[in-house]
1. Please list, ordered by first then second residue, the pairs with beta carbon atoms under 8 Å, 6 or more apart or interchain, first in the stretch 127-138 and crowded, with 20+ Cβ neighbours inside 10 Å, second of a type in the set (Ser, Thr, Tyr) and not in a helix (DSSP H, G or I).
2. Residues that are of a type in the set (A, V, I, L, M) and either closer than 16 Å to residue 144 by Cβ or modelled with pLDDT of 85 or more (or both), at least 3 per element: which strands (runs of 3 or more DSSP E) completely within the stretch 23-130 meet that?
3. Pick from 74, 86, 108, 78: which is basic (Lys, Arg) and under 22 Å from residue 30 (Cα atoms)?
4. Applying the selection to the stretch 60-101, what residues are under 23 Å from residue 137 (Cβ atoms) and of a type in the set (S, T, N, Q)?
5. Residues 12, 36: which one is in contact with a helix residue (DSSP H, G or I) (Cβ under 8 Å, 6 or more places away or on another chain), hydrophobic (A, V, I, L, M, F, W, C) and crowded, with 16+ Cβ neighbours inside 10 Å?
6. Within the stretch 141-156, is even one residue among the hydrophobic types (A, V, I, L, M, F, W, C), in a helix (DSSP H, G or I), open to solvent by 30 Å² or more (accessible area, probe 1.4 Å) and modelled with pLDDT under 85?
7. In the stretch 69-85, is there at least one residue being open to solvent by 60 Å² or more (accessible area, probe 1.4 Å), over 15 Å from the mean Cα position of the chain (by Cα) and β-branched (Val, Ile, Thr)?
8. Being within 16 Å of the chain's Cα centre (by Cα) and surrounded by 15 or more Cβ atoms within 10 Å (Cβ to Cβ) narrows it down to one residue among 111, 95; which is it?
Amino acid sequence: SRPWVMLLNPDAAVLPGCLDALANTMQSRPGAGAVAPLVHWDEASGFLLPPQQLRSPLWECWQSLGLRVPALGRLISRRFRAENLRCQQAQGAIAQAMRSGGCMMLRRSAAEAIHGLFDPEFFMYYEDADLCRRLTAAGYQLLLQPQARALHEWRNDPAKGRFVAD
């Protein structure tokens, strides 16, 4: 069997060179359980999806406070922007706390070590958060490879169900 597993949503596509860049990253980083590319929202590559964040009660509290306290909101926004730029401008693979399952390459042995890709209790939304949590709990790194690019016409939309095979 092949050493890698590629997850790709039906509304996503890898751009030229993406798969090679991801596979090369996995080859050179044996501690990595998964690597993902920078992902564009649009075909013109004008908009990038921001780095994924693990949602937690603390994160939700900070977001809520930021909406109510403008000065805190600006601080949170500046930090979020700085992290986005750090990820987009990195010269090589960088560690991340979370990656989207919409376009992600996994080490097959890592997926086997955590007893498979997805918990059937998560049909849609948060299944990738659970996957990332299980990978990191097992000691694997999650990486972003900014030299790899993909397109994902992303929306949190239950209407995407028409793309899901029965």
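The values are calculated or read from the model by the stated rules, or taken from the named source; none is laboratory data. Only a predicted model underlies this, so the values are computations on that prediction, with no experimental measurement involved. With ideal geometry, Cβ positions are generated from the backbone for all residues, glycine too; neighbour counts draw on all protein chains shown. Note: areas computed on protein heavy atoms with side chains; ligands, DNA, RNA excluded. Shrake-Rupley method; radii C 1.70, N 1.55, O 1.52, S 1.80 Å.
1. Filtered contacts from the stretch 127-138: 128/100.
2. Qualifying strands (runs of 3 or more DSSP E): 32-40, 103-107.
3. 108
4. Result: 96, 100.
5. Matching residue, one of 12, 36: 36.
6. no
7. yes
8. When all the criteria are applied, what remains is 111.
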